[in-house]
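Read through the structure below, which is laid out as structure tokens, and then see the notes.
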Amino acid sequence: METTSNSKHRPFSIKLWPPSESTRLVLVQRLTNNLSSNSIFTQKYGALNKEDAEENAKKIEDIAFNVANEQYDREPDGDGGAAVQLYAKQCSKLLLEVLKRGPEEKEKELASQNNASAETFFDISKGQRAFIKAEEAENLLRPLKEPGNSYTKICFSNRSFGLEAARVAEPILVSLKNQLKEIDLSDFIAGRPETEALEVMNIFSAALEGSVLKSLNLSNNALGEKGVRAFGSLLKSQSCLEELYLMNDGISEEAAKAVCELIPSTEKLKVLHFHNNMTGDEGALAISDVVKRSPFLEDFRCSSTRVGSGGGVALAKALESCTNLKKLDLRDNMFGVEAGIALSKAFSKHLDLVEVYLSYLNLEDEGTVAIANALKESAPSLEVLEMAGNDITADAAPTIAACIAAKQHLTKLNLAENELKDEGTIQISKALEEGHTLLKEVDMSTNFIRRAGARHLAQVVVQKPGFRLLNINGNIISDDGVDEVKEVFKKYPGVLGSFDENDPEGGDDDDGEKSGGGEANEDELESKMKNLEVGQEE
């Protein structure tokens, strides 16, 4: 019942969340100093003594961590950047609130906020991944049995329930199901034999049947068709779901059909995540039926699901009805050109798109050009565009550049693992020259870029306020070119990515090298490209 991703291209990413214990302790110390030392805020509102400051700092950090961790739980496969920003924002906000109140009120208010958070959200997922026995389940779940509790969200993830533990949970869940709004049962049967796992699922499903949920997470359970049907009574009873997560669940064609069959109403569905499954084209047809019945869908993820051209076309056509779509992630499938063209037709109706992830879809130039043309005319607030690993050449660069030029809200651009070379890179760089003040990350790694393209791109992005990462690793930049780029970023340590996979000799067979004077040819190319207008076709 297990599944693995079929991805051949896995771009390296750094997880920013969760912070280490040492990082959290450093933050507490910093908050303590801010609450007790002299500053314009403590001069205005009064400082705390060292003991009170430390106690309040710990509470501030704990509340901020819990709020940010909930944010990260909603998008566990992101880099954690959003959670880090929320973490810092919450700390600043709470610190100022503490200073504005008198010493006694400070402690009461923080305690109240902490209790309110604890009372509504019950979570046993922290700590080591482990089996849970009946006796431990009794102790862990005891707070859920307290009369008059206000829990609306529960998370049983990361703890593996066997039959005995499930039977302990059963009556508790029955007593709570009318007040629960969010349930996270991801990764809660790990390591159990199939027969036992299915029985545990049946117990939980029956206990929660009839609850009115807004969010249900059944990810990381290797469900397969049997597992989906084991949750049948719970799924059938849901008519108000706004979020459904079925990631890494071994969802085959048959399981996908079962999902379509067992969810009677998706009219309120806003989030559907279906990452890392074995869906294939036939399964995609079933999922496309779910999408068609979800007119208010805002966030759809169907990445690493082995979907080919036929399934991609079906999904694209279904997405045409989702005019509220804000985030779309279809990475790591086998769509091909035809599905790319179908997807471009859907994009023409998606005016609210903010994030688009289309890497490793075999789009080639034709599919990429169709999509770029469609996005240019729609999605005015687009912030993230990823199209890595699609065999895109410099021939498609003018269209991509024209699209990018129109996206002034762009914060992240990923065109890694293509064949844009210097010509395409410089055209895309020129598209970023005017405006684009919100740009934070650009990834043009592994694109056969040489000195001219690397230099031009570096000179453009370094001017952007708040820019934090340029990745041009894995290219064929000369040693002198690398030195030039490093010089551009010498005042901005940490913004330029590594060059450990750059191959300065990799261009030996390139046309420019064959004609002689490789460095001179690069400079000549850059000179010619400077006069090229964005969007100009050859």
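The values are calculated or read from the model by the stated rules, or taken from the named source; none is laboratory data. Quick caveat: nothing in here was measured; it's all calculated off a predicted structure. Note: ideal-geometry Cβ built from the backbone for every residue, glycine included; neighbour counts use all protein chains shown. In case anyone asks, the SASA skips ligands and DNA or RNA and just uses the protein heavy atoms, side chains included. Shrake-Rupley method; radii C 1.70, N 1.55, O 1.52, S 1.80 Å.
Does GLU138 satisfy the condition of being open to solvent by 20 Å² or more (accessible area, probe 1.4 Å), closer than 26 Å to ASN69 by Cα and free of Cβ contacts under 8 Å to residues at least 12 places away in the same chain?
Details: open to solvent by 20 Å² or more (accessible area, probe 1.4 Å): yes; closer than 26 Å to ASN69 by Cα: yes; free of Cβ contacts under 8 Å to residues at least 12 places away in the same chain: no.
So GLU138 fails the test.
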Q: Kindly indicate whether any position in region 90-108 is closer than 30 Å to LEU16 by Cβ, open to solvent by 20 Å² or more (accessible area, probe 1.4 Å), at pLDDT 85 or above and assigned to a helix (DSSP H, G or I).
A: no
Q. If you scan region 312-362, which residues turn out to be among the small types (Gly, Ala, Ser), closer than 22 Å to VAL271 by Cα, part of a helix (DSSP H, G or I) and within 23 Å of the chain's Cα centre (by Cα)?
A. GLY312, ALA316, ALA318, SER344, ALA346
Q.
Any residue that is open to solvent by 10 Å² or more (accessible area, probe 1.4 Å) and of a type in the set (S, T, N, Q) - is there at least one of those in region 356-375?
A. yes
Q | helices (runs of 4 or more DSSP H) contained in region 17-88 and holding at least 1 residues open to solvent by 70 Å² or more (accessible area, probe 1.4 Å), of a type in the set (Asp, Glu) and at pLDDT 75 or above | A | 50-74
Q | Residue among ASN221, ASN217, ASN202 that is open to solvent by less than 40 Å² (accessible area, probe 1.4 Å) and over 22 Å from TYR151 (Cα atoms) | A | ASN221
Q) Looking at ALA118, is it at pLDDT 80 or above, open to solvent by less than 70 Å² (accessible area, probe 1.4 Å), under 28 Å from PRO143 (Cβ atoms) and part of a helix (DSSP H, G or I)? A) no
Q.
Please count how many residues of region 407-428 are open to solvent by less than 50 Å² (accessible area, probe 1.4 Å) and out of contact with any strand residue (DSSP E or B) (no Cβ under 9 Å at 6 or more places or on another chain).
A. 4
Q) Name the pairs whose Cβ atoms lie under 7 Å apart, with the first residue in region 486-499 and closer than 20 Å to ALA452 by Cα, the second in a loop (DSSP other than H, G, I, E, B) and open to solvent by 40 Å² or more (accessible area, probe 1.4 Å), and 6 or more positions between them or separate chains? A) VAL495/ARG468
Q) Could we say that SER211 is open to solvent by less than 10 Å² (accessible area, probe 1.4 Å), small (Gly, Ala, Ser) and assigned to a loop (DSSP other than H, G, I, E, B) here? A) yes
**Q.** Filtered residues of region 264-286 (kept if under 13 Å from LEU235 (Cβ atoms) and surrounded by fewer than 21 Cβ atoms within 10 Å (Cβ to Cβ))
**A.** PRO264, SER265
Q.
Go through (1) modelled with pLDDT of 70 or more; (2) exposed (fewer than 13 other Cβ atoms within 10 Å of the Cβ) for ARG10 and report which single condition fails.
A. (1)
Q: Specify which of the listed residues (SER219, SER211) is among the hydroxyl-bearing types (Ser, Thr, Tyr) and touching an Asp or Glu at 6+ places or on another chain (Cβ under 8 Å).
A: SER219
(Q) Tell me yes or no: at least one residue of region 296-306 is among the small types (Gly, Ala, Ser) and open to solvent by 20 Å² or more (accessible area, probe 1.4 Å). (A) no
(Q) When you check ALA452 against the structure, is it in contact (Cβ under 8 Å) with a residue 40 or more places away in the chain and touching a Pro at 6+ places or on another chain (Cβ under 7 Å), yes or no? (A) no
Q: Only residues that are over 24 Å from the mean Cα position of the chain (by Cα), among the polar types (S, T, N, Q) and open to solvent by 20 Å² or more (accessible area, probe 1.4 Å): list them for region 429-473, please.
A: GLN459, GLN463
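Among the residues of region 460-506, which ones are among the acidic types (Asp, Glu) and at pLDDT below 95? Before you say what the answer is, go through the steps one by one.
Initially, region 460-506 is screened for residues among the acidic types (Asp, Glu), giving 479-480, 483-484, 487, 500-501, 503, 505.
Scanning region 460-506 gives a single hit, GLU505.
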Q: Those residues that are touching a Lys or Arg at 6+ places or on another chain (Cβ under 9 Å) and open to solvent by less than 10 Å² (accessible area, probe 1.4 Å), I need them from region 307-324; list them, please.
A: ALA316, ALA318, LEU319, CYS322
